[in-house]
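Below is one structure, written out as structure tokens; the observations come after it.
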């Protein structure tokens with residue numbers, strides 16, 4: 001995980017603009033509070049399928065990125081399979097970092 005993404009996740013957590021864990025992320029998506037969902041690459045197949053389908057259903061940006069351990073370390077909690085960013089500015093900042101240097105992928 002890139003250092004900038006980990007820093008932004010930590011800031012979002014401290015600001016109360018992050019939901020972490022499968023259930024919290026699903027709830028944030030259902031309530032349409034989420035602007036971005038990051039799903040750990042090492043999460044279970046069931047979690048990956050469920051979270052990605054829900055994100056598609058609610059038309060939310062989502063990416064498979066990082067690991068459960070990296071998410072947990074970035075937000076100061078135990079390992080988490082997914083995180084949802086609940087603030088559009090934090091979400092835009094993370095997406096900008098993810099797509100730097102990848103032509104055609106910027107929004």
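Starting from the stretch 46-67, keep only residues that are touching a residue at least 12 places away in the same chain (Cβ under 8 Å), then list their pairs with residues that are surrounded by fewer than 16 Cβ atoms within 10 Å (Cβ to Cβ) and assigned to a helix (DSSP H, G or I) whose Cβ atoms are within a distance under 8 Å, requiring at least 6 positions of separation or different chains.
54/30; 58/30; 62/56
Are any of the residues in the stretch 98-106 modelled with pLDDT under 95 and in contact with a strand residue (DSSP E or B) (Cβ under 8 Å, 6 or more places away or on another chain)?
Residues of the stretch 98-106 modelled with pLDDT under 95: 98-106.
With the extra rule that they be in contact with a strand residue (DSSP E or B) (Cβ under 8 Å, 6 or more places away or on another chain), the set shrinks to 98.
Yes.
The values are calculated or read from the model by the stated rules, or taken from the named source; none is laboratory data. Worth saying up front: this structure is predicted, and the values here are computed from it rather than measured. Quick reminder, even Gly has a Cβ in these numbers, built from the backbone with ideal geometry, and neighbours come from all protein chains shown.
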